[in-house]
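Report on the structure given below.
The values are calculated or read from the model by the stated rules, or taken from the named source; none is laboratory data. Note that this is a predicted model, so its numbers are computed, not measured. Cβ sites come from the backbone with ideal geometry, for glycine too, and all protein chains shown count toward neighbours.
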Amino acid sequence: MKIGIVCYPTFGGSGVVATELGKALADHGHQVHFVTYNQPARLDLFSENLFYHEVAVANYPLFDFPPYELALASRLVDVVRFEKLDVLHVHYAIPHASAAYMAKQILATYGINIPFVTTLHGTDITLVGQERTYKPAVTFSINESDGVTAVSEHLRADTYKFFEIKNDIKVIPNFIDLNRFSLKAKDHFRKAIAPNGEKILVHTSNFRKVKRTEDVIKIFAHVVKQIPAKLLMVGDGGERSGCEQLARDLGVSDQIRFLGKQDAIEEILSVADLFLMPSQSESFGLAALEAMACKVPVISSNAGGLPELNIDGETGFLRDVGDVDGMAESAIYILQNEERLNSFKDKALSRAKVFDLKNILPEYENYYKEVIERS
Ligand code: GMT
C-alpha cells in the first residue's frame with residue numbers, strides 16, 4: 001500500500017507512535033509518506049520506502065495566526081495526487097482530521113477518492129478537543145473519517161461519552177519495538193548514578209500539568225526516607241522548574257537528576273528499578289510500556305487506559321490520582337525485597353510482550369485494507 005501519515009513531528013506520544021508505525025510499515029514493504037511541518041524526531045533512518053514532505057506555512061503580516069491547517073490540506077492534496085496514495089492516516093484529531101477531510105473534498109473534484117483514518121491519542125479527546133472552540137470541528141471530522149481508531153478501550157469510551165460520534169471506533173493499542181526497548185548492559189551507568197547500590201527510580205514525560213510531575217517528587221521524597229534511592233527525571237516542559245524547586249524544598253535535590261530530553265531512553269530505563277507515572281489522565285501510557293519492555297515495574301495512577309497496561313499487584317501498582325502516600329507505599333513494598341522486585345520485573349516484561357510491534361502492526365494493515373475496500 002501507499003500510505004500517507006500526518007502527525008506532530010515532536011517527541012509527544014502520538015508523534016512517536018506515528019513515526020514508529022511508519023517505519024515498521026516501510027520495513028514491511030509499504031511505501032510511507034510523512035506529511036508534517038518538520039522531519040519527525042524519530043524518523044532518523046534511510047529507507048527506500050520512506051518519504052518526508054514538508055508543510056511550509058506561508059506567512060503574511062495580516063495573519064496573527066498563520067493557517068497551518070490550510071497549508072496541510074493543500075500539501076495533502078499535492079502529495080496524494082502526485083504520489084498516488086491509497087490511504088491517509090492522521091494521528092491526533094486536532095487539526096489533522098479536519099485537514100484530511102478538507103483534502104479529501106478537494107481531491108474529489110479531481111475525481112480522486114482518498115479514504116482517511118483518524119487515530120485518537122488522548123488529549124485530543126480528553127482535554128483539548130473538549131474546548132468549546134474546537135468541539136464542533138472535532139466531532140464533525142471524527143464522524144467524517146473513513147476509519148477511526150483509539151489507543152485504549154477507555155479512550156474509545158470517553159470519545160463516545162464526550163462527543164456525538166456515530167461511527168465505529170476500533171481499539172488498536174500502542175505498541176513497542178522489543179529490539180530497541182530491551183534491557184541493555186549498562187552497569188557503568190548504574191554505578192555512576194548510584195555508586196552505593198541505591199535503587200533507581202525513573203520518570204519520563206513532557207512535564208505538562210497532566211503528568212503531575214510534582215507528585216513524582218513527593219513520592220520519591222517518601223521513598224528515600226526508607227530506601228536509599230536516586231530519581232532520574234527525563235524530559236522537559238512547563239512543570240520542570242517547579243519540580244526542581246520542590247525537590248530543594250523537600251531536601252531531596254541531591255538525590256535527583258534532571259536529565260532533560262534524551263534520545264536513548266532505553267539506556268536510561270536499563271538501569272531503572274521502578275518507573276513512576278502518576279498522571280491525571282493517560283489514554284494509554286506509552287512511556288510506561290517502554291519501561292516495562294526494559295523490565296521496569298510501574299507505579300501509576302489508575303487514570304484512563306493505564307489499567308489496561310499496568311496490572312495491579314503484578315507488573316506494578318495502580319493508585320488513585322493524587323494518592324501520593326499510597327504510591328510511595330507501593331513503591332517501598334516492591335523495592336524493599338529483592339526477590340519481590342525481580343518477580344515484578346519479570347512480569348512487567350511479560351506484559352510488555354503483549355504489545356509487541358509484531359502483534360499490533362497487522363492490526364493496522366488489516367484496518368487500512370478494510371477501510372480502502374469499503375470506501
Ligand atoms: O500528552 C502526551 O503525553 C502526548 C500525547 C500525544 O498525543 O502526543 O500522548 C498521548 O498519546 C500517547 C500515544 O498514543 C499515549 O500513550 C499517551 O497516554 C497519551 N497521553 C495522554 O493521554 C495524556
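Residue by residue through the stretch 317-335, note down the ones that are more than 16 Å from the ligand (Cβ to nearest atom), within 28 Å of D124 (Cβ to Cβ) and touching a strand residue (DSSP E or B) at 6+ places or on another chain (Cβ under 6 Å).
M327
Would you check which residues across the stretch 291-316 are within 18 Å of K347 (Cβ to Cβ), within 13 Å of the ligand (Cβ to nearest atom) and polar (S, T, N, Q) and list them?
S300, N310
Run down P195, P228 and say which single residue is assigned by TED's automatic domain parsing to the domain that holds I334 and free of Cβ contacts under 8 Å to residues at least 12 places away in the same chain.
Details: P228 fails: free of Cβ contacts under 8 Å to residues at least 12 places away in the same chain.
Checking each option against the conditions leaves just P195.
Output the residues belonging to the stretch 310-339 that are touching a Pro at 6+ places or on another chain (Cβ under 8 Å) and within 21 Å of S270 (Cβ to Cβ).
Listed by number, the residues that qualify are T315, G316, I334.
So, Y333, is that one in contact with a Gly (Cβ under 7 Å, 6 or more places away or on another chain), at pLDDT 95 or above and not aliphatic (A, V, I, L, M) or not?
On the way: in contact with a Gly (Cβ under 7 Å, 6 or more places away or on another chain): no; at pLDDT 95 or above: yes; not aliphatic (A, V, I, L, M): yes.
It is false that Y333 is in contact with a Gly (Cβ under 7 Å, 6 or more places away or on another chain), at pLDDT 95 or above and not aliphatic (A, V, I, L, M).
Among the numbered criteria (1) assigned to a helix (DSSP H, G or I); (2) within 16 Å of the ligand (Cβ to nearest atom), which single criterion is violated by M233?
(1)
Is at least one residue of the stretch 209-224 β-branched (V, I, T) and either on the phi > 0 side of the Ramachandran plot or not in a helix (DSSP H, G or I) (or both)? Show your work before the answer.
Filtering the stretch 209-224 for residues β-branched (V, I, T) gives 210, 213, 216-217, 219, 223-224.
From what is left, the residues that are either on the phi > 0 side of the Ramachandran plot or not in a helix (DSSP H, G or I) (or both) are none.
No; the residues of the stretch 209-224 include none that is β-branched (V, I, T) and either on the phi > 0 side of the Ramachandran plot or not in a helix (DSSP H, G or I) (or both).
Run down L127, L107, L88 and say which single residue is over 18 Å from the mean Cα position of the chain (by Cα) and surrounded by fewer than 24 Cβ atoms within 10 Å (Cβ to Cβ).
Answer to the check: L107.
Between F275, F284, which is at pLDDT 95 or above, in contact with a Leu (Cβ under 7 Å, 6 or more places away or on another chain), within 16 Å of the ligand (Cβ to nearest atom) and not assigned by TED's automatic domain parsing to the domain that holds S152?
Result: F284 is the single residue among F275, F284 that is at pLDDT 95 or above, in contact with a Leu (Cβ under 7 Å, 6 or more places away or on another chain), within 16 Å of the ligand (Cβ to nearest atom) and not assigned by TED's automatic domain parsing to the domain that holds S152.
Since V16 meets every condition but one in (1) within 22 Å of the chain's Cα centre (by Cα); (2) assigned to a helix (DSSP H, G or I); (3) more than 16 Å from the ligand (Cβ to nearest atom), which condition does it not meet?
Every condition holds for V16 apart from (3).
From the residues in the stretch 102-132 that are in a helix (DSSP H, G or I) and closer than 24 Å to P173 by Cα, which one is farthest from the ligand (Cβ to nearest atom)? Talk me through it step by step, then tell me what you get.
From the stretch 102-132, those in a helix (DSSP H, G or I) are 102-108, 123-126, 128-130; that's our starting set.
Then keep just the ones that are closer than 24 Å to P173 by Cα; that gives 123-126, 128-130.
Values: T123: 5, D124: 7, I125: 8, T126: 6, V128: 9, G129: 11, Q130: 13 Å.
This residue is Q130.
F82 versus (1) farther than 30 Å from E131 by Cα; (2) in a helix (DSSP H, G or I); (3) touching a helix residue (DSSP H, G or I) at 6+ places or on another chain (Cβ under 9 Å): which is the lone unmet condition?
All conditions are met except number (3).
Could you run through the stretch 173-208 and say how many residues are surrounded by 20 or more Cβ atoms within 10 Å (Cβ to Cβ) and farther than 30 Å from P228 by Cα?
4
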